[in-house]
Amino acid sequence: MFNLNWKRLGIAAGLSLSLVAAGCGSDENEGESNEESNGDNTPDYSEEVNYTITGIEAGAGVVAAAESAVEEYENLSGWEVSTSSSGAMAQELSSAYENEEPIIVTGWTPHWKFAKYDLKYLEDPNEVFGGEEEIKTMVRQGLEEDKPNAYKILDQFQWETGDMEEVMLEISEEGASPEEAAQNWVENNADKVEAWTEGTKEVDGEKVTLVYVNWDSEIASTNVVKYVLEQQGFDVTITALDNGPMWESVASGEVDGMVAAWLPGTHGAQYEQHQDSLEDLGANLTGAKIGLVVPEYMEVDSIEDLQPDE
Ligand code: PBE
């Protein structure tokens, strides 16, 4: 079922690309030199997007990074980063994409949007968005003593970008609930999950509380970990918070942990603030990334190609 879906997506993307190509081939430029027409006809995306980067939740690291980019790139003078939610951003991206309109969003990988649409990261020569990120697991102090089996499972939880994307895509493309998608993934990946529970004992209704933020990537990971813990007999509560409160609740020991710490860059400020009050269990995923993301049909490659609001 999943494979079929990928195929269909691939065909859809191919189709819309050829439509774009057909739409772009105008006769007017025939006879003119390419350089000339390119130079004069490059659309002013900056004005079209109203000098606005479409952000997500105000507390997200990628929004903070986008705000730093506006400060650091002189050519982004007068730009703004709008904030709303990851869901609203996805909605705006979808409607812009359908209409082949320009849009610049705060984006991240792993994310289902790269399978659904043809997108690219804008180059970031000043490296404001940092390089490769890891997603790490953080737990409260004392968890190892109090709940050694839960601690060990959280410590051993580790998967890959493609795994997380499978769960995300089942939710976004097939309309599965996060719980269903998590269950399906766990059932289809028993070998991987076995390594997470290795050396642990089943429990009888021991309570575990996890926090996360309603980012698609973290909805996927947190529901998978919840399901795995439940299969081992835990009674798991997951609570969606804003980014700041997510970190604070683990650091204060109010909850047991989270699998949503993007480091070293994205949540660097939160980590610095709380690292002495929580326990860092290391990466659960490597090869993550944040940045500014645009549709492939936009003829812009670098943040430096954007124009100031003058
Ligand atoms: N994200 C997804 C988060 C981390 C996970 C990139 C939107 C952020 O920017 O804080």
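The values are calculated or read from the model by the stated rules, or taken from the named source; none is laboratory data. Note that this is a predicted model, so its numbers are computed, not measured. Note: areas computed on protein heavy atoms with side chains; ligands, DNA, RNA excluded. Shrake-Rupley method; radii C 1.70, N 1.55, O 1.52, S 1.80 Å.
Couplings 3J(HN,Hα) of the range 135-146, computed from phi: 9, 10, 9, 10, 10, 6, 5, x, 5, 4, 6, 6 Hz, in residue order, whole Hz [Karplus 6.51 cos²θ - 1.76 cosθ + 1.60, θ = phi - 60°; x for Gly and Pro]. For the residue pairs Lys152/Lys192; Lys147/Lys207; Lys113/Lys289; Lys152/Lys289, alpha carbon separations beyond 19 Å are given by Lys152/Lys289.
From helices alone, the chain scores -13500 deg cm²/dmol at 222 nm; the rule is -39500 (n - 2.57) for each run of n ≥ 4 DSSP H residues, then divide by the residue total.
Amide H contacts of Ser302 (H built 1.01 Å from N, in plane; Pro and chain starts excluded): Glu123 sit under 5 Å, all sequence-distant by 5 or more or on other chains. Solvent-accessible area of Lys116, all protein chains in place: 70 Å² (probe radius 1.4 Å, heavy atoms, ligands and nucleic acids excluded). Mind putting together the pair-distance distribution for the range 69-118? All Cα pairs, 10 Å bins, whole percent per bin, short to long. So the P(r) values, bin by bin, are 21, 47, 30, 2. Each part reduced to its alpha carbon centroid, the range 75-107 and the range 205-283 end up 27 Å apart. Here the Karplus relation 6.51 cos²θ - 1.76 cosθ + 1.60, evaluated at θ = phi - 60°, turns the backbone of the range 86-99 into coupling constants of 4, x, 5, 4, 4, 4, 5, 5, 4, 6, 4, 5, 4, 9 Hz, with x for every Gly and Pro. How many percent of all Cα-Cα pairs in the range 190-310 sit more than 17 Å apart? Summing the P(r) of the range 190-310 above 17 Å gives 66 percent of all pairs. Sorted largest first, the principal axis extents computed over the alpha-carbon atoms of the range 146-202 equal 38, 19, 16 Å. Considering only beta bridges that DSSP places wholly inside the chain, some 60 percent are antiparallel. Do you know the relative contact order of the range 154-310, to the nearest whole percent, from alpha carbon pairs under 8 angstrom that are 6+ apart? Relative contact order comes out at 25 percent. In terms of overall dimensions, the C-alpha atoms belonging to the chain reach 76, 44, 25 Å along their principal axes, ordered largest to smallest. With q set to 0.10, 0.14, 0.24 Å⁻¹, the log10 of I(q)/I(0) for the range 130-238, from the Debye formula over equal scatterers at the Cα positions, is -0.28, -0.54, -1.49. Phi angles across the range 293-305 convert, under the Karplus curve 6.51 cos²θ - 1.76 cosθ + 1.60 with θ = phi - 60°, into 3J(HN,Hα) values of 10, 9, x, 4, 5, 7, 8, 8, 10, 10, 4, 5, 7 Hz, Gly and Pro given as x. Tell me, Kirkwood radius of the range 106-182 from alpha-carbon pair distances, in Å? 15.4 Å is the Kirkwood radius here.
For the range 236-310, the relative contact order is 23 percent, taking Cα pairs closer than 8 Å that sit 6 or more residues apart in sequence and dividing their mean separation by the residue count.
Report the relative contact order of the chain, percent, no decimals, based on alpha-carbon pairs under 8 angstrom and at least 6 residues apart.
On the way: 512 pairs, mean separation 92.2, N = 310.
The normalised contact order for the chain reaches 30 percent.
Working with all protein chains in place, sort Ile238, Ile103 by solvent-accessible area computed with a 1.4 Å probe, largest first. Walk me through the intermediate numbers first.
Values: Ile238 40, Ile103 10 Å².
Result of the area sort, largest leading: Ile238, Ile103.
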